[in-house]
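Q: Structure in structure tokens, see below.
Rule-based calculations on the coordinates, nothing more; no lab input. These numbers were taken from a predicted model, which means no experiment stands behind them. Positions of Cβ are generated from backbone atoms using ideal geometry, with glycine treated the same way; all protein chains shown enter the neighbour counts.
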Amino acid sequence: MTFPWLTTLIALPALGAVLTALVPTGRGTLAKQVATGFALLTLVVGALISIQYLFDVDMGVEPETYEWIPEFGASWALDLHGISLALVALTVLATPIVALSMWHEAEDEKRDPKAFFALLLVVEALTLTAFLSQDVLLFYVVFEAMLIPLYFMIGMYGGPQRRYAAVKFLLYNLVGGLAMLAAVIGLYVQSVEAGDPSFFLPDLVALDIDTTTQWWLFVGFMLAFAIKAPLWPFHTWLPDAAAEATPSNAAFLSGVADKVGTYGMIALVLPLFPDASRDAAPVIVVLAVVSIIYGALLAIGQTDMKRLIGYTSISHFGFIVLGIFALTGQAATGATFYMVNHGLSTIALFVVVGFLIRRRGSRQVDDFGGVQKPAPKLAGVFLFAGLSGLALPPLSTFLSEFLVISGTFLRYRPAAIVATLGIVLSALYILWLYQRTMTGPVRPAVEGMPDLRTREVAVVAPLLALLLVVGFFPKPLTDAIDEAVEPTLVEVGVDQPEPLAPVAEHAEEGTGR
Amino acid sequence: MNPTNYLVLSVILFAIGASGVLIRRNALVAFMSVELMLNAANLAFVTFARMHGNLDGQIVAFFVMVVAAAEVVVGLAIIVTIFRTRRSASVDDASLLKL
Amino acid sequence: MGEAALFWIMAPIAVLGALGLVFSRKAVHGALCLAATMVSLALFYIAQEAPFLGVVQIVVYTGAIMMLFLFVIMLVGVDSSDSRVETIRGQRVAATLAILGVVLLLSAVTIRATLPEEPAGLAQASPDGNVPAIADLIFGTYFWAFEVVAALLITAAVGAMTLTHRERIFHRPTQKELSIKRFSEGPPEEAAGLPVPGVYARHNAVDTPALLPDGTPSEASINRVLVARGAARSSDEFRHHPTPADVEAAAEGETDEPAGQIGADDDARGGERA
Amino acid sequence: MTSTLSALATAVATEGGHGGGQAVAEATGVFDLTWLLIAFPLLGAAILLLGGRRTDKVGHLIGCAASIASFVMGVVLFFAMLGEPADGRAFTVQLWEFVNAGGYSVDVSLLLDQLSISFVLLITGVGSLIHVYSIGYMEHDERRRRFFGYLNLFVAAMLLLVLASDYLVLFIGWEGVGLASYLLIGFWQHKNSAAVAAKKAFVVNRVGDMGMVLAMASMITVFGSTAFDAVFASAEGASTGWLTAIGLFLLLGACGKSAQFPLQSWLLDAMEGPTPVSALIHAATMVTAGVYLIVRSAAIYDLAPDARTAVVVVGAITLLMGAIIGCAKDDIKKALAGSTMSQIGYMTLAAGLGPAGYAFAIFHLLTHGFFKANMFLGAGSVMHGMHDEVNMRRYGGLRIMMPITFVTFAMGYLAIIGIPPFAGYFSKDRIIEAAFADNWITGLATLLGAGITAFYMTRLMLMTFFGNRRWQHSEPPHESPSVMTVPLIVLAVLSVVGGFGLLYLGADIVDWLAPVTGEEHHELPMPLWLLITITLATVVVGVAIAWALYGRRAVREDVPAGNPLTVAARNDLYGDAFNEAVFMRPGQYLTRSLVYFENRGVDGAVVGTATAVGGLSGRLRRWQTGFVRSYAVTMLGGVGVVVLAMLLVRLP
């Protein structure tokens, strides 16, 4: 029997959470160190696993299946494919960074940091399980379980309105989860009727469900994911949560945890309900485009920096959903790639804004101005993160956004053209934010604002470096994603649109087609 | 004699017991009314047992009695406890179970 | 024929007893009415080939449960009686409607049901008599239920004890301490102990105050709890109110029993409980 | 593989005569090092931007060294290319595979051909001069190191833009120069106006980027690729409708980057940046990227006449607009910026004329790069001497104080108005000829443009260097240090000989570019001498009017009211007002109303539902009286309902 890499990957943060929780109260620093240590350990294991997929080195990572509830056909089934690889990599990478960035956040709220860090690791373990799970019931359970630690993280450590935001977050996602539970049961009933009760994803994908039933189940799953992702008009919990949670928590929430929603769309919804997905795609595409434009316009209209970033996330999630439901290879690869890049970029933005807020004690844009003078490094990092948010090449966000737009253009031209407006709007909200906070005459309140400290540089530098490096050399990752996306699209039964005037036969090699 | 009469009597006793529960405020009386309702049900059980020639009805009645005994013990203990603290045996006074 | 007679005699008694329970203002009367109903039900059981249940009914219900009720009634106050004023708005109407509805429905069920005219009888089901047959069932088919019920009874007993048990928080004064306290703190006339209720009075019940040698009733002879509950007889009714005739008699050197408003209605004296 | 590809390409070139059709060889030898062109300035930028204060002292030297190294490399490559046969001067350098998604793949590879080497030399040559100039110009700025870092970043991005062999890679450079432009316009971030101008430039450019993105998306839809060779090779197989669409999308991109109508508004504001930036980015190189894009996409435009017409129209409008704006500006840099718009309009127009004009567009682009950089640096020198005064109404008579600046500026002036034998004469005249050959209207537009150019440049010249002295500083203006004048002299020389040299020394620029752009000879509707005479006459008329207005009369220090056209021109022909009225205000209104709608509508619906549920619960809880007897009634009612239900169900 080979080494259970994937289970280890999940078990490490879970163990870390327990150990962090066991640290005696009052030894806050020790708890933080334990938590960060385990997050880093997970990162190492995750990196080892990724190597196998990115660079074709056999590390002995294999799908794992252990019995869980054999009566229902539910199992602890884990597997890693290109899509989940991207998101697992994002998760293991983001956690230590977020852990480092939230070093002082709990103390700022006069609370014990122990629980905060333990909860973060719990969320990491659950998120990893969701990304790796090959069992629909297991996925559902972790999908729902994730809400609880996040609820406490928002509700205990956030801003003045944190309770409201936490309850809103919980209720929204529970509504979605309820719909999904119904659909999961419905799906199970289908498998029972087919004679082989199972929650195992490949088994369920192999089912032949009639279109009407598919529609109902599709709506159930999609509602949950659309709320999680979040898609217009189910988005209003995110700005509140983003504004009220601590910056690092908001970063992890919208950067990593919410990706479970979009992951569910591409990894569960598309293969499970191909007919319904095909039929519903135009509707979802319209919603996604509305999200893109609406989120961007609202971001422009915000005065609260964290809320603003929350709305930009809605816009970006719109791009991701658009890419998934455009049902073309480029768009789907781009969308998955986008999930990773958006994670990196949003975390960077939230974290940097967190530094700013911590220094000034205010989230309002108007309270800043001319920060670049006292804190040029901070301003530079802020601009860099912002540019990644507006998808400036060669940062990795650009390629994903371009792939989504061009992939959508293949099938839904008006949608793609409207979505392109998003690139103008994103420039507006990011640069306007930068202009109002960083440039102009130095405000008295920001005079003497300290520049970045070593810890803060250590938090942001890897993110920015990754955005740049992945932006220049995206191929290993996009190849892995592309490989996994292709079967999904085949499952949905859509054809990749062929070029109208393809490159002549003998020229094809030259362009790598 | 037509055994249905017993059943009608049972219905009447049950209804009277129910009205006692609903109308009387004295916890003890209300409690006794509950006992009356149980007894009415028992009568129906016994009647059915005889009517269908099956002893199970009597067994059920027996268990009802035993359970009623247990219930009375606990119920009376509660009434006594409440009376001790509130100096009242009115069911309306114990109305804290609300929002 | 005999059964019909029994039924038609005992059924009205049962119904009357039930009505008595509901309409009596004093709980103790209600309890007695209920006992009557239960006894009549016991007779019905016996009449319906359930002698075991009939006996159990009398022993357990009438004998044990009703006695328990009576004890509690005494504990709570045997005299207290209820007000007839309904305090919950709409309760009476709702209750009447609900009861009428249930009666109608149950009657409808009973009448509509196709029931055998003649009962099948239990001869076949209990060849060796009622008690062995029931024993067979209880210790056979229903053994598990029986055991559970047994456990339930034990639990109930323990529960009742726990509920009514009071933890003693303060040191309980010993007799010696009480005696010392009486001499050191109390009025000297109480040093030898309080007068016992009913002494020299016309009744020797606990709610009747004792008469002191000079003929005045002693408030101190009655238990405080009874006074608080309003269950004690007013000492006023025993106080000597000299009438002209008394004065005359006194002049004659005769002493007579103190005259008072004896025989006033019990109900009127009982404290109304809101 | 390569041989078949080149065979095909050659076939296309010979048969169709379209551009982009010459044989492209896998790079060998020195051409393999093409990537060093980009690597030098990129490394310089990295050192300067990440190095921190340690590099403060030598920052400007590192920056100059990086740029000059790149220039030397460019020269080496140029001569190496000259050594190759005329039809074998295009090379690709495969660097790495970028992405492969859903059948769409992109390689990061460079294409070095006659067109791109021309740009490389312009960018690195003029760029190096401006680097050197900046040493003096930015001497007193405490953030000089960062300035050089940004300049190096710009050079690297611009080189990537012109060397890319795939539209996607081109776009990376395209956005890179946009970023550098943003950073440099807003270099003096403490000024609000600079920050706003920078943002405006970026956002307007992003509108153009929409066009670029959509053009690339269309290419993927039509050709399944964005690589130059693949797109150009199969352009013939695509429908005209698609090609027109791609052409128009590319034009939108070009309009954004090159400040062409209707996306011209940012360029005038961009003058907030330091003057070397205006010279390098907003005159000589970056703003010409749109022209490069159109010329590079010759294969597409050749097959899409409608798109070409649109390019011509845009070029003509911008050419006149820029010129008119240039006439009314008193800010020397803004007057030059209007001129830049106008000159790029010329190039765009020429590019829109098809194979007849591509080479002339590039030709004018190069000469313009020389003389406009020269003039901007000259203006910078004037400002340097005038204590950062930019208003020409406060200049006057500076030719005595700043002789070198004056002479070099005059060279640029003569070049831009097209006096033979200065550089501008050769390039602009060719464009006017080609325009007349195409049709009368275009020709007249270019002719009129030439006249107005003569007018505003003469006005600028007169107001700055001649006439009465209107400056009031305690210390008189002084000539700039030699580190600034030397680049001016070099550029002045180029302004003088550039046109003649490119046309007649060595190879003709038109023949040089022909393998890339194609070639087409045009028939003039009139004799050439007549046209040249008319053109020169128009120029002389323009100069004369300016002389009459500004030379003979003293220039007023206050701003005269002016006629409506002047007022309109001062307000950039209401371009900003239009944008504000049509986009900004409604946009703000839309944003505000959306915020309202979000809070009251979308979130309101949610919160409203929650409140409604809460209210309902508040009502419902009244039922929970706590009275056992009430509950008992309910229970009994429930029993009734259950019995009733059973009765009804059992009812026969």
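Q: Can you pull the percent of Cα pairs in segment A:274-498 with separation above 28 Å? Show your work: numbers first, answer last.
A: Numbers: 8189 of 25200 pairs.
Pairs farther apart than 28 Å: 32 percent.
Q: Restricting things to Cα coordinates, could you compute the convex hull volume per residue of the protein assembly as shown in Å³? Don't skip to the end; give the middle numbers.
A: Details: hull volume 447.4 nm³, N = 1538.
Hull volume normalised by residue count: 291 Å³.
Q: Please work out the FRET efficiency for the pair C:Asp214 and C:Leu178, using the Cβ-Cβ distance as r and a Förster radius of 30 Å; give the result to the nearest 0.05. It would help to have the intermediate numbers written out before the result.
A: Values: r = 27 Å, r/R0 = 0.91.
Result of the calculation: an efficiency of 0.65.
Q: For a quick check: with amide H placed at 1.01 Å from N, whose amide H comes under 5 Å from D:Leu95's, ignoring anything fewer than 5 positions away on the same chain?
A: Those qualifying (amide H under 5 Å, at least 5 residues apart or on another chain) are D:Val108, D:Ser109, D:Leu110.
Q: Continuing with the same structure: Enter the mean projected area of the convex hull around the alpha-carbon atoms of segment C:169-224, in nm², rounded to one decimal.
A: Numbers: hull surface 19.7 nm².
About 4.9 nm², averaged over all directions.
Q: What lysines sit close enough to A:Lys373 to cross-link, taking a C-alpha to C-alpha distance under 16 Å and skipping anything fewer than 8 places away on the same chain?
A: Straight-distance partners of A:Lys373: D:Lys191.
Q: Now a separate question. Per residue of chain A, what 222 nm ellipticity follows from adding -39500 (n - 2.57) for every DSSP H run with n ≥ 4, rounded to the nearest 500? Spell out each step's value before the answer.
A: Details: 22 runs with 364 residues, N = 513.
Helices in chain A give a 222 nm mean residue ellipticity of -23500 deg cm²/dmol.
Q: Rounded, prolate or oblate: which fits segment A:113-170 when a ≥ b ≥ c are the square roots of the eigenvalues of the alpha-carbon gyration tensor, with rounded for a/c under 1.5 and prolate only if a/b beats b/c? Please list the in-between numbers first.
A: Working: a/c = 4.04, a/b = 1.78, b/c = 2.26.
Taking the square roots of the gyration eigenvalues as a ≥ b ≥ c, segment A:113-170 is oblate.
Q: Suppose only helical runs count, i.e. DSSP H with n ≥ 4. What mean residue ellipticity at 222 nm does that imply for chain D under -39500 (n - 2.57) per run, divided by all residues and rounded to the nearest 500 deg cm²/dmol?
A: On the way: 27 runs with 448 residues, N = 652.
Here the helix-only value at 222 nm equals -23000 deg cm²/dmol.
Q: What are the aspartates and glutamates whose alpha-carbon lies under 19 Å from the alpha-carbon of A:Lys32, with same-chain residues fewer than 8 places away excluded?
A: A:Glu105, A:Glu107, A:Asp108, A:Glu109, A:Asp112, A:Glu124, A:Glu456
Q: List the trypsin sites (Lys or Arg not before Pro) within segment C:165-237 that DSSP assigns to loop and that have no more than 10 neighbouring Cβ atoms inside 10 Å.
A: Numbers: sites: C:Arg166, C:Arg168, C:Lys176, C:Lys181, C:Arg182, C:Arg202, C:Arg224, C:Arg229, C:Arg233; in loops: C:Arg166, C:Arg168, C:Arg202, C:Arg233.
Passing sites in segment C:165-237 are C:Arg166, C:Arg168.
Q: Further question: Which trypsin sites (Lys or Arg not before Pro) in segment D:409-515 sit in a loop by DSSP (not H, G, I, E or B) and have at most 15 other Cβ atoms within 10 Å of their own Cβ? All intermediate terms of the calculation are to be shown ahead of the outcome.
A: On the way: sites: D:Lys428, D:Arg430, D:Arg459, D:Arg469, D:Arg470; in loops: D:Arg469, D:Arg470.
Sites meeting the loop and neighbour criteria: D:Arg469.
Q: Let me understand segment B:3-86 better: what is its radius of gyration from the alpha carbons, and its Dmax, in angstrom?
A: In order Rg, Dmax, the Cα atoms of segment B:3-86 give 14.9, 50 Å.
Q: OK, next. Scan chain D and report its longest stretch carrying no GluC sites (Glu not before Pro) that are both in a DSSP loop and have at most 10 other Cβ atoms within 10 Å. All intermediate terms of the calculation are to be shown ahead of the outcome.
A: Working: sites that count: D:Glu142, D:Glu523.
The segment D:143-522 is the longest one with no such site.
Q: Counting Lys and Arg as +1 and Asp and Glu as -1, each charge on the Cβ, what is the dipole of chain D about the Cα centre in debye, to the nearest 20? Working shown, then result.
A: Details: 39 positive and 42 negative charges, 652 e Å.
Taking the Cα centre of chain D as origin, the dipole is about 3140 debye.
Q: Hey, what's the Kirkwood Rh for chain A if you take every pair of different alpha carbons, in angstrom? Walk me through the numbers before you get to the answer.
A: Values: mean 1/r = 0.0437 Å⁻¹.
So the Kirkwood estimate lands at 22.9 Å.
Q: In whole Hz and in residue order, list the ³J(HN,Hα) couplings for segment D:435-452 that follow from phi through the Karplus curve 6.51 cos²θ - 1.76 cosθ + 1.60, θ = phi - 60°; x for Gly and Pro.
A: Couplings: 5, 5, 5, 6, 7, 5, 5, 4, x, 5, 4, 5, 5, 4, x, 4, x, 5 Hz.
Q: Suppose the Debye formula is applied to equal point scatterers at every Cα of chain D; what is log10 I(q)/I(0) at q = 0.08 Å⁻¹?
A: -0.58
Q: Using +1 at the C-beta of Lys and Arg and -1 at the C-beta of Asp and Glu, which of C:Ala64, A:Tyr434, D:Leu377 has the Cα lying farthest in the positive direction of the dipole of the protein assembly as shown?
A: After comparing all options, I get D:Leu377.
Q: To make sure I understand, if each residue's beta carbon is the centre and we count other beta carbons within 10 Å, what order do D:Ile400, A:Ile209, A:Ile154, D:Ile545 fall in, fewest to most?
A: Working: D:Ile400 11, A:Ile209 23, A:Ile154 28, D:Ile545 16.
By the 10 Å Cβ count, ascending: D:Ile400, D:Ile545, A:Ile209, A:Ile154.
Q: With θ set to phi - 60° and the Karplus curve 6.51 cos²θ - 1.76 cosθ + 1.60, what are the ³J(HN,Hα) couplings of segment D:101-107 in order, to the nearest whole Hz, using x for Gly and Pro?
A: Computed from phi, the couplings for segment D:101-107 are 9, x, x, 9, 10, 10, 10 Hz.
Q: From the helices alone, meaning DSSP H stretches of at least four residues, give me the mean residue ellipticity at 222 nm for chain B, per-run term -39500 (n - 2.57), in deg cm²/dmol to the nearest 500. Mind showing how you got there, number by number?
A: Working: 3 runs with 77 residues, N = 99.
Roughly -27500 deg cm²/dmol at 222 nm, from the helical runs in chain B.
Q: GluC sites (Glu not before Pro) within segment C:36-120: which are DSSP loop residues with at most 16 other Cβ atoms inside 10 Å?
A: Values: sites: C:Glu49, C:Glu86, C:Glu117; in loops: C:Glu49, C:Glu86, C:Glu117.
Those satisfying the criteria are C:Glu86, C:Glu117.
Q: Against the longest alpha carbon principal axis of chain D, how many degrees, from 0 to 90 and to the nearest 10, is the axis of helix D:305-328 turned?
A: That works out to roughly 70 degrees.
Q: Step through the table entries C:Lys26/C:Lys181; A:Lys228/A:Lys306; A:Lys110/A:Lys306; D:Lys199/D:Lys372, compare each Cα-Cα distance with 30 Å, and write down the pairs that go over it.
A: Values: C:Lys26/C:Lys181 40 Å; A:Lys228/A:Lys306 18 Å; A:Lys110/A:Lys306 21 Å; D:Lys199/D:Lys372 25 Å.
The answer is C:Lys26/C:Lys181.
Q: A follow-up question, please. Need the list of aspartates and glutamates near D:Lys428 for cross-linking: C-alpha distance under 17 angstrom, and skip anything on the same chain fewer than eight residues off.
A: Partners within reach: D:Asp438, D:Asp508.
Q: What's the magnitude of the charge dipole for segment A:340-452 around its Cα centre, counting Lys and Arg as +1 and Asp and Glu as -1 at the beta-carbon? Answer in Debye, nearest 20.
A: Numbers: 10 positive and 5 negative charges, 16 e Å.
Dipole size: approximately 80 debye.
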